[in-house]
């Protein structure tokens, strides 16, 4: 297939740029020229953009962008507008999605290596793809590579009504696990229970570790997944059975990963602690494709997306404030 002839006039895109690291107010909307796609690249017009905690840490400078000004965002869905020389796997008009680095998804369109794009089947819409792809690959990584999940296992999922929590809950249930989840309100508990959660613990009303031990007859869970960090991670160690595992995932929300005395893990407790990175996982092309296909397979098997909020791209700052507040439920999207 030959690349289409492009106009010599470069199109412009709207994007969210960061001139300096800081709070949500540093996210500003601007227009910028977009050159033709280079060899091996595709120009994608975005139709839905996922908002993830890694975006917050790129914005704040905890994880530096390649350069400033820079554009955050690691997940989106859209339509191929043009292909660069040498691209034969995709065609203009094709619907696609992607997750992972390089950042730059907070834009109406961008150029991206064709190898990072996943062709979407007709029965998967853009909102579903942009809200699930990165989280689905995370669930696949956690339940196949970090600790293979078996039917009959008991899993603790923190923030079970959040974007990742709802995916983990449904995924673990599909694998035959019993899922205990922590939530911040009765409304969030109801949402998570509707999506398969077996037991909801309102962490503002009771000690969650004690609640887990009560629900498991004092044994603890086989596997705990924590994306909050701080004291929550430390307390989670007391909710896991001997030879169980705690996975501290992604960009934790409560001040990072605390120092942990190895004596809290073993030899008496004999607990394993993992700190996996989904961005590192999907940097490997084979693992990326594997995780994306697993996500599409789970969708066909009944995984239900939950979009809690969808805001215009220009309101990216509000999306970050909502994410950081913990007040929302489900995934947050930006609409170009």
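None of the figures in this text is laboratory data; all of them are computed from the coordinates on show. Because the structure is a prediction, the values reported are computed rather than measured. Heads up, the Cβs are rebuilt from the backbone with ideal geometry, glycines too, and the neighbour counts pull from every protein chain shown.
Observations on the model:
- On the basis of the beta-carbon distance and an R0 of 41 Å, residue 187 and residue 314 show a calculated FRET efficiency of 0.90.
- Efficiency of FRET between residue 205 and residue 12 - r from beta-carbon atoms, R0 41 angstrom, step 0.05: 0.20
- By average C-beta atoms within 10 angstrom, highest first, the peptides 276-284, 219-227: 219-227, 276-284
- Over region 151-274, Cα pairs under 8 Å with separation of 6+ residues give a relative contact order of 21 percent.
- Per-peptide average of other Cβ atoms within 10 Å, ordering 146-157, 301-312 highest first: 146-157, 301-312
- Mean ellipticity per residue at 222 nm, deg cm²/dmol - from DSSP H runs of n ≥ 4 across the chain, formula -39500 (n - 2.57): -8000 deg cm²/dmol
- Cα-based helix-to-principal-axis angle, 126-141 vs the chain, degrees rounded to 10: 50 degrees
- The chain: angle of helix 163-174 to the longest principal axis, Cα-based, in degrees nearest 10: 60 degrees
- Average Cα contact separation per residue, the chain, under 8 Å, 6 or more apart, as relative contact order %: 18 percent
- Considering only beta bridges that DSSP places wholly inside the chain, some 55 percent are antiparallel.
- Note on residue 67 and residue 25: the model spin-label points, each 7 Å out from Cα along the C-beta direction, lie 2.8 nm apart.
- Packing-based ranking, highest mean first, of 165-178, 107-120 given that Cβ atoms within 10 Å are counted: 165-178, 107-120
- With the simple spin-label model, which puts each label point 7 Å out from Cα in the Cβ direction, the residue 286 to residue 243 separation comes to 3.0 nm.
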